[in-house]
1. Which helices, taking whole DSSP H runs in chain B, have alpha carbons extending 18 angstrom or more along the helix axis plus mean Kyte-Doolittle at least -1.0?
2. So how do B:THR9, B:THR99 rank on accessible area, 1.4 Å probe, biggest first, that is with the largest at the start?
3. I need the shape label for segment A:2-301. Rule: rounded when a/c is under 1.5, else prolate if a/b > b/c, else oblate, with a, b, c from the alpha carbon gyration tensor.
4. If each DSSP helix of 4+ residues adds -39,500 (n - 2.57) and the sum is divided by the residues in the protein assembly as shown, what number results at 222 nm, nearest 500 deg cm²/dmol?
5. What are the ³J(HN,Hα) values, in whole Hz, obtained from phi via the Karplus relation 6.51 cos²θ - 1.76 cosθ + 1.60 with θ = phi - 60°, for each residue of segment B:227-234 in sequence order, with x given for Gly and Pro?
6. Of all DSSP beta bridges in the protein assembly as shown, what percent run antiparallel (nearest 5)?
7. So how much slack lies between A:LYS76 and A:LYS298, counting 0.36 nm per residue of separation and subtracting their Cα-Cα distance, in nm?
8. Give, in nm to one decimal, the length gained when the segment between B:SER129 and B:ASP217 is fully stretched (0.36 nm per residue of separation minus the Cα-Cα distance).
Number of protein chains: 2
Amino acid sequence: MSKLVIVGTVAFDAIETPFGKTDKILGGAGTFIGLAASQFDIDPAVVSVVGGDFPQKYLDLMTKNNIDISGIEIIKDGKTFFWSGKYHNDMNSRDTLVTELNVLANFQPIVPHDYRNAEVVMLGNLHPSVQMSVLKQMDKKPKLTILDTMNFWMDCALEELHETISQIDVITINDEEARQLTGEYSLVVAARKIHEMGPKYVVIKKGEHGALLFHNDNVFYAPALPLEEVFDPTGAGDTFAGGFAGHLARTGDFSFENMKNAVIYGSTLASFCVEKFGTERMQNLTDKEIYKRLDQFKNLTQFDIELS
Amino acid sequence: MSKLVIVGTVAFDAIETPFGKTDKILGGAGTFIGLAASQFDIDPAVVSVVGGDFPQKYLDLMTKNNIDISGIEIIKDGKTFFWSGKYHNDMNSRDTLVTELNVLANFQPIVPHDYRNAEVVMLGNLHPSVQMSVLKQMDKKPKLTILDTMNFWMDCALEELHETISQIDVITINDEEARQLTGEYSLVVAARKIHEMGPKYVVIKKGEHGALLFHNDNVFYAPALPLEEVFDPTGAGDTFAGGFAGHLARTGDFSFENMKNAVIYGSTLASFCVEKFGTERMQNLTDKEIYKRLDQFKNLTQFDIELS
């Protein structure tokens, strides 16, 4: 089975939305990416770090979902990364209430030896030097490296970010971050400038407005599935990235045509993620549910105009 | 040829964008709808009113584009409706600087007798009572009536708006207006509530984020074409409506499947409209350009996932 190396946080989240609030629940980019990627017939490993306070049941949950956790370091006398946020009524914006880095502050990722020959690497949102360190541990240059990042690193580690971006194949980034990174309002122009920084493929995530995939002059657009209710957007972007990476790892086909499908898989999985708090919906998703929703995506976007 | 009755303003616009500003140029919902609809092999008539200050060359331009202008009343000693606006840097919001209703204040539309048997009627954004008056002049209930409206009428003529909405088949409305009309943030829920007001089809326009078509439990999504530069958004929504109505009038097929295509045609024409000031780009658009862009829309949205 294809191996997929994922680096990202495994964390506690406490979330407040207009629909309710949670205590500390399972969260983190690595967790969401891993759960999404595990929907595919591949062998994903999450590289991360947690504290002694991290419950065994969460590790068991990941193992049960076919995620290899041998790369998750447990620092017994440390505390797990904790994030707390509150979403506004429109669900598109949020305030961060608490960020406790804890064991993440000195995170030095170690890719398990068994996974250093993986063909696909997914670098979840972390300090760009940490992302780079994962790349350097691979036996040889992976066939596809995907990087997710955020505005925080543009503010405080721009140079390292540029260096890491120059080494990867695909970047996933949201619209505001693409604008910040390039100083361009037009996403078409922003994508071109990001191409020039290195990545051959640029995925711009627009939340409820879907996602754009750019490759040279080619563009593909996947909407977000229109939902009656977005219950909790936490992890939707990571779930998108996990579905995207999972489909590509499974197929081993890194063409633009197949990346379109990867974007659709990512959007499909993200549409489930937001239906419940945290990872709840992603923990017991069936193939049948996924197929049904892919069919909805087809109906949502496919049309039949004959061009003469 | 299929007849299409269009009611809407024919006006002077003065526009300021980050790219420049215009003097008084040709504008108005009726004008944009007519120019878009005239791209199809149909017989569109615009019902409107202008003042004695309205240049013959603008009327000639419409005639040259196969738009019947016998329903445009000219009030010699009156002045043409004038609107002036200034777009902000993001091009998604604007301030209205001037609105001079002039001859529009007492507009009583008269549908030319030749067009009272038209099968499709497009009610451009106007007072809902004016829109209703056009419907009442038709010989019999048209096979398809499409209505565009805006928040202004929700604020000052809500009762008449509800009455007119209850009589039509398709409503085109933007996202914020759909939310205002229904009090619902979710566009899925808003569309359902608008269905309950009468229209069997609900089109929600999201500007640069595309458009959604709802019919009972069916949803279709068309993105806006990602553009390097939006030069002037004025008339884009009306151009969308004109393309939508034009395709439906030409085909006479009012099924949901064909409405998907109508949404794609509307989005395609709107993508041209914003490339230049006012109606400039729409005045000399070729079939070849339109086909090429429809092909871009296909590449932008179509994917090929086999569902087992």
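The values are calculated or read from the model by the stated rules, or taken from the named source; none is laboratory data. For clarity, every value in this text was computed on a predicted model and none was experimentally measured. Counting neighbours? That spans all protein chains shown, and the Cβs are built from the backbone with ideal geometry, glycine included. Please note that ligands, DNA and RNA were not included when accessible areas were found on the heavy atoms of the full protein model with its side chains. Shrake-Rupley method; radii C 1.70, N 1.55, O 1.52, S 1.80 Å.
1. Values: long enough: B:236-251 (23 Å, 0.15); B:256-273 (25 Å, 0.43); B:287-301 (21 Å, -1.39).
Counting only whole DSSP H runs, the qualifying helices are B:236-251, B:256-273.
2. B:THR99, B:THR9
3. Working: a/c = 1.23, a/b = 1.09, b/c = 1.13.
Judged from the Cα gyration tensor, segment A:2-301 comes out rounded (a/c under 1.5).
4. Details: 20 runs with 220 residues, N = 616.
One gets -11000 deg cm²/dmol as the mean residue ellipticity at 222 nm.
5. Going residue by residue, I get 10, 4, 8, 9, 7, 7, x, 4 Hz, with x marking Gly and Pro.
6. Working: 40 of 102 bridges.
Antiparallel bridges make up about 40 percent of those DSSP assigns within the protein assembly as shown.
7. 75.2 nm
8. Working: separation 88, 0.36 × 88 = 31.68 nm, distance 3.05 nm.
The span from B:SER129 to B:ASP217 would gain 28.6 nm if fully extended.
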